[in-house]
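S.K.: Following this message is one structure expressed as C-alpha cells.
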Amino acid sequence: MDRLEQEIKDTSKGMTTIVKTIVRFVMGIIVIFGAYVVLYGHVTPGGGFAGGVILASAYILLTLAFGKEMGLRKMSNRWASLLDNSGALAFVIVGLLGFGGGYFFYNFLGRGEPFHLFSAGSILLSNIAIGVKVTASVFAIFMTLSIFGRIIYKAAEGEEPESEE
Amino acid sequence: MQTYYPLFTAIPLAAAFLNLLLSKISMKVSDYIAFLVTGILAVMSVKMLFEAPFIYAVGNWRPPFGILLVSDGLSSLMLVVINVIGLLAVIFSFKYMATYTAKPKYFSLFMLMIAGMNGVVITGDMFNLYVFLEIASIASYALVGFGTGKKELEASFKYLILGGVASTAVLFGIAFLYSMTGTLNMPDLAQQLEVIGMTKTVGFVVALFIMGFGLKASAVPFHAWLPDAHPSAPAPISAMLSGVLIKALGIYTIMRIMFNIVGKNELISAIIMFLGALSMVIGGLLAIGQKDFKRMLAYSSISQMGYVLIAIGLALKPGAELVVATLALIGGLFHLVNHAVFKSLLFLASGAVEYRTGTRDLEKLGGLIKKMPVTGAATAIGSLSIAGIPPFNGFWSKLIIILALFRGGYWIYGTVGVVVGFITLIYFVMLQKEVLFGKLPESLSKVKEAPFTMVLPLVILAALCLAMGIGYMAIEGQLLDSAASALLDKMAYMNYLIGG
C-alpha cells in the first residue's frame, strides 16, 4: 500500500474516502486542461490568466480534499512565493527583450504558422509567464485566507495559536 | 530617452519582483535595490524635462490599435514629482522602516506603487490608464495597512472599499466611452468626441469620472477615506500618498481627461470649481481642531488640493480669456508641485518626530526645536511654505491662483481663497506652537536629533521650498508653461494619433 492510498484511507484529515478517490482521478485531467488553456491561449479562448486559475483550482481542490498538509507538501509557501515572483519577472523580461527589436514588447520571435502551437511570437511566452504567476498567487491567496481560519479554530479549542509565516 | 520611455514602468515593476526573490537570500539587498531603482528613475525623469513632446508605440503597433505612450510637458512634470519625491521617501525609509518587520515586502509594494503612478502618467491609452491606476491603488491599500494594527487595518479596509467603488466608476465610464467610440486610444477618443459632441452619455461618463478620479484626488464629498488612510500609513508612505498619489491618480487624470479628451465645458468647469471651493473650506475648517500631527496634515491636503481643483476648473471655462486660463493653470500646476514638496516634507518630519518621541499627539509634544534643531527648522519652513508666507514657494502659487480667480471675475471664489489662506496659517501656527515651540514636556527631555538618513530628505525638501520660492520665475518659464500649454492645446494632443 503506497503513501497516497494510506492518505485516502485516513479519515482523520480532510474529507471522506469517496471524495479523495474522485479527486485523485480528476486531478490529472484538471492539470492537463489548465496547461492546455495556458499553452493554446493565443489560438483558442483562454490564456495565461484563465489557465493559471484552472491550475490553481487543482491545487485548491487537493487542499480541500486532503487537508492543508497535502496542499503545502505539493506547493509550500516558499515555492508559491518563488514561482509567483519569477512568473511576474519573466513577463517583464519578455517585454524588455523586445528592446532587441527597438520597442518595448516588440515581437522578437517569428510569427509561425497561424493556428499552430508555435505561432503568434512572444505571446506564448507571455502566457506561460502569466500562467505560472497566477497559479502560484491564487494558491497563495487561498492559503493566506485560511491562516486566519486556522488561528480562530485553534483559539476556539483553547490552544495557543501557532505563529504562521 | 525616447527609445527607453517605457522603462519608467518596466524598471520598478521588474525590481519589485526581483527584490522579493533576492531578499530570500539576503534581507539587506532590498535597501540597495530600492535606492538604485528610485535613483535611476529620478535621474531619468529629470532628463525627460529636456525632451520635446513625442509618442511611443508599444511593440511597434500602429497607434489606434496598439498601446500608445505620450510624453509632453505635463507628463514630464508629473514624472519629476513622482520620482524625485519617491527617491527621498526611500532614503527616509532606510532607518524609519527598521521599526517595522518585512522591509523587503515594503520596498516591493513601494516600487509597485511607483510603477503604477508612472504608468498612469505616461500612458495614452484609456484602459492602460485604468490598469496602472489599479496597480498603484492596490499597492497603496496594502501599504496603508502595513502596520497591521487595529487602526491601520480599519483605515486600509475603508480605503479599499471606497477606492474600489471609485475604480468601478472609472471602469464603467471607460466602458461607456468604448461602446460609443470603439476606441480606447486617448488622442483617438479626443477626435471622436469632437464629432459626437456633448451628448447625455458623454455627460454621464464625465460624472462617473469626476466621482472616480475625484475620490482618488479626495475632493470633498469623496474625502472620507483620506483622514484615516494617510495618518495610518508609515510616514514615508503618508508622504507619498499625500504628496504624490492623490495628484498622479486624481488631479493628473482629471486634467488630462477634461482638457485633452472631453474639452472645455461650462458645466464641468462650474462643478470642478465648486468641488474645489468646498474642499478648500471644509478641509481647512476640519484641520483646525485636530490633535493628531498627521491627521491635521491629512485634512490640510484636502484643503490644498481644493486650490488646485479650483484653478483647473477656472481654466476649463470655455469663455475664459487665454491669459486667465493660462494663469490659472500655471498657478494650479505650480501649487501641485509645491504641495508635493512641502506636504511630503511635513509628513516626513512627522515621521522623524514620531521616530524619536514615539507619539504624534500634539498635546504631548512641544519645544522640540531645541532638541531636534534640523527637523524642527525643516518643519518650520514646510509649515511657513504651506501657509503661504513669502518668500517661500506656497506664497507664489496661491497668489497666482487667487489673482487668476479675480481676473476671471470670480470674486467670491477669490475671497474664499484668501480666507482659506488665513485658515491655513492659523492651523499651521498652532502646529508650530504645539510641536516646535512652547514648553518641552518632562518625558521628552532625552530626545535626540533624528538619524542622518532621515534628516537628509528633510533638508533637501526644505531647500527646495526656499529655492522654488525665490527662483520661481525660472520654474514658471521652463516647466509650468510647457505643461500648461500642453493642456490647453487640445488639437496638439489629438494630432499625437498621426505621430504628431
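S.K.: Looking only at region A:37-61, filter to residues that are aliphatic (A, V, I, L, M) and surrounded by fewer than 21 Cβ atoms within 10 Å (Cβ to Cβ); which one of those is farthest from the other protein chains (Cβ to nearest Cβ)? I'd like the intermediate steps shown before the answer.
M.R.: Taking region A:37-61 as the starting set, the residues that turn out to be aliphatic (A, V, I, L, M) are A:37-39, A:43, A:50, A:53-56, A:58, A:60-61.
If we keep only those that are surrounded by fewer than 21 Cβ atoms within 10 Å (Cβ to Cβ) as well, we get A:39, A:43, A:50, A:53, A:60-61.
Working: A:Leu39: 21, A:Val43: 19, A:Ala50: 17, A:Val53: 18, A:Ile60: 22, A:Leu61: 27 Å.
Among residues in region A:37-61 that are aliphatic (A, V, I, L, M) and surrounded by fewer than 21 Cβ atoms within 10 Å (Cβ to Cβ), the one farthest from the other protein chains (Cβ to nearest Cβ) is A:Leu61.
S.K.: Would you check if A:Val134 is away from chain B (no Cβ under 12 Å), β-branched (Val, Ile, Thr), under 26 Å from A:Ile32 (Cβ atoms) and touching a Leu at 6+ places or on another chain (Cβ under 9 Å)?
M.R.: Criteria met by A:Val134.
S.K.: Could you please find all residues in region B:38-62 being within 14 Å of chain A (Cβ to nearest Cβ) and of a type in the set (A, V, I, L, M, F, W, C)?
M.R.: Selection gives B:Phe54, B:Ile55, B:Ala57, B:Val58, B:Trp61.
S.K.: Follow-up. Would you mention how many residues in region B:227-255 are basic (Lys, Arg) and either in contact with a strand residue (DSSP E or B) (Cβ under 6 Å, 6 or more places away or on another chain) or not in a helix (DSSP H, G or I) (or both)?
M.R.: Total meeting the criteria: 0.
S.K.: Which residues, counting only those in region A:62-115, are touching a helix residue (DSSP H, G or I) at 6+ places or on another chain (Cβ under 9 Å), of a type in the set (Phe, Trp, Tyr) and either over 12 Å from A:Met143 (Cβ atoms) or assigned to a loop (DSSP other than H, G, I, E, B) (or both)?
M.R.: Answer for region A:62-115, where residues must be touching a helix residue (DSSP H, G or I) at 6+ places or on another chain (Cβ under 9 Å), of a type in the set (Phe, Trp, Tyr) and either over 12 Å from A:Met143 (Cβ atoms) or assigned to a loop (DSSP other than H, G, I, E, B) (or both): A:Phe66, A:Phe91, A:Phe99, A:Tyr103, A:Phe104, A:Phe105, A:Tyr106, A:Phe108.
S.K.: Looking at B:Ala34, B:Ala10, which one is closer than 24 Å to A:Ser122 by Cβ and either assigned to a helix (DSSP H, G or I) or within 11 Å of chain A (Cβ to nearest Cβ) (or both)?
M.R.: On the way: B:Ala34 fails: closer than 24 Å to A:Ser122 by Cβ.
After ruling out the rest, the residue left standing is B:Ala10.
S.K.: Please enumerate the residues belonging to region B:13-31 that are in a loop (DSSP other than H, G, I, E, B) and within 13 Å of chain A (Cβ to nearest Cβ). Working first, answer last.
M.R.: Here is the first cut: in region B:13-31, the residues in a loop (DSSP other than H, G, I, E, B) are B:23-28.
Selection gives B:Ser23, B:Lys24, B:Ile25.
S.K.: Return yes when B:Ile67 is surrounded by 15 or more Cβ atoms within 10 Å (Cβ to Cβ), among the β-branched types (Val, Ile, Thr) and more than 14 Å from chain A (Cβ to nearest Cβ) and no when it is not.
M.R.: no
S.K.: Answer with yes or no whether B:Thr183 is outside any helix (DSSP H, G or I) and over 24 Å from B:Leu345 (Cβ atoms). Step through it out loud before you land on a result.
M.R.: Values: outside any helix (DSSP H, G or I): yes; over 24 Å from B:Leu345 (Cβ atoms): yes.
So B:Thr183 fits the description; yes.
S.K.: Only one of B:Ser344, B:Ser279 is within 18 Å of B:Phe222 (Cβ to Cβ) and either within 18 Å of the chain's Cα centre (by Cα) or of a type outside the set (Val, Ile, Thr) (or both). Can you tell me which?
M.R.: Step by step, each of B:Ser344, B:Ser279 is checked, and only B:Ser279 is within 18 Å of B:Phe222 (Cβ to Cβ) and either within 18 Å of the chain's Cα centre (by Cα) or of a type outside the set (Val, Ile, Thr) (or both).
S.K.: When only residues in region B:149-190 that are more than 30 Å from B:Pro64 (Cβ to Cβ) and among the aromatic types (Phe, Trp, Tyr) count, which is nearest to the chain's Cα centre (by Cα)?
M.R.: Narrowing region B:149-190 to residues more than 30 Å from B:Pro64 (Cβ to Cβ): B:149-165.
Applying the additional criterion that residues be among the aromatic types (Phe, Trp, Tyr) yields B:157, B:159.
Details: B:Phe157: 21, B:Tyr159: 16 Å.
Among those that are more than 30 Å from B:Pro64 (Cβ to Cβ) and among the aromatic types (Phe, Trp, Tyr), it is B:Tyr159.
S.K.: Okay, next question. Restricted to region B:406-457, and to residues that are among the polar types (S, T, N, Q) and touching a helix residue (DSSP H, G or I) at 6+ places or on another chain (Cβ under 6 Å), which residue is farthest from B:Leu322 (Cα to Cα)?
M.R.: Looking at the filtered set, the residue picked out is B:Thr453.
S.K.: Now for a separate question. For A:Lys20, all conditions in the list (1) among the basic types (Lys, Arg); (2) buried (at least 18 other Cβ atoms within 10 Å of the Cβ); (3) under 14 Å from A:Ala136 (Cα atoms) hold save one; what is the number of the exception?
M.R.: Looking at each condition in turn, A:Lys20 falls short on (3).
S.K.: With respect to A:Phe91, is the statement that it is more than 19 Å from A:Tyr40 (Cα to Cα), facing another protein chain (nearest Cβ under 10 Å) and modelled with pLDDT of 80 or more true?
M.R.: Answer is no for this residue.
S.K.: A further question follows. Go through region A:62-82 and give me each residue that's within 14 Å of another protein chain (Cβ to nearest Cβ), surrounded by fewer than 20 Cβ atoms within 10 Å (Cβ to Cβ) and among the aliphatic types (A, V, I, L, M). Walk me through it before giving the result.
M.R.: Step one: of region A:62-82, the residues within 14 Å of another protein chain (Cβ to nearest Cβ) are A:76-82.
The next check asks that each one be surrounded by fewer than 20 Cβ atoms within 10 Å (Cβ to Cβ); those that pass are A:76-79, A:81-82.
Across region A:62-82, the qualifying residue is only A:Leu82.
S.K.: Is it true that some residue in region B:92-101 is crowded, with 24+ Cβ neighbours inside 10 Å and within 20 Å of the chain's Cα centre (by Cα)?
M.R.: yes
Residues checked against (1) part of a helix (DSSP H, G or I); (2) over 20 Å from B:Ala325 (Cβ atoms); (3) at pLDDT 80 or above; (4) among the acidic types (Asp, Glu):
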residue: B:Ala462; (1), (2), (3), (4): yes, yes, yes, no
residue: B:Ala467; (1), (2), (3), (4): yes, yes, yes, no
residue: B:Met473; (1), (2), (3), (4): yes, yes, no, no
residue: B:Gly477; (1), (2), (3), (4): yes, no, no, no
residue: B:Ser485; (1), (2), (3), (4): yes, no, yes, no
residue: B:Tyr493; (1), (2), (3), (4): yes, no, yes, no
residue: B:Leu497; (1), (2), (3), (4): yes, yes, no, no
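S.K.: Let me ask something additional. Restricting to region A:95-105, give me the number of residues that are surrounded by 22 or more Cβ atoms within 10 Å (Cβ to Cβ) and either closer than 13 Å to A:Thr135 by Cβ or more than 8 Å from chain B (Cβ to nearest Cβ) (or both).
M.R.: Here the count works out to 0.
S.K.: Mind checking which helices (runs of 4 or more DSSP H) fall wholly inside region B:312-407 and carry at least 3 residues that are of a type outside the set (Phe, Trp, Tyr), farther than 29 Å from B:Met454 by Cβ and modelled with pLDDT of 90 or more?
M.R.: B:322-357, B:393-407
S.K.: Go through (1) more than 12 Å from chain B (Cβ to nearest Cβ); (2) crowded, with 20+ Cβ neighbours inside 10 Å one by one and return the number of the condition A:Leu125 breaks.
M.R.: (2)
S.K.: Considering every residue within region B:450-458, establish whether at least one is modelled with pLDDT under 90 and either of a type in the set (Gly, Ala, Ser) or in a loop (DSSP other than H, G, I, E, B) (or both).
M.R.: Yes, the conditions are met somewhere in region B:450-458.
The values are calculated or read from the model by the stated rules, or taken from the named source; none is laboratory data. All of these numbers come straight from a predicted model, not from anything done at the bench. Every residue, glycine as well, gets a Cβ built from its backbone with ideal geometry; the counts of neighbours run over all protein chains shown.
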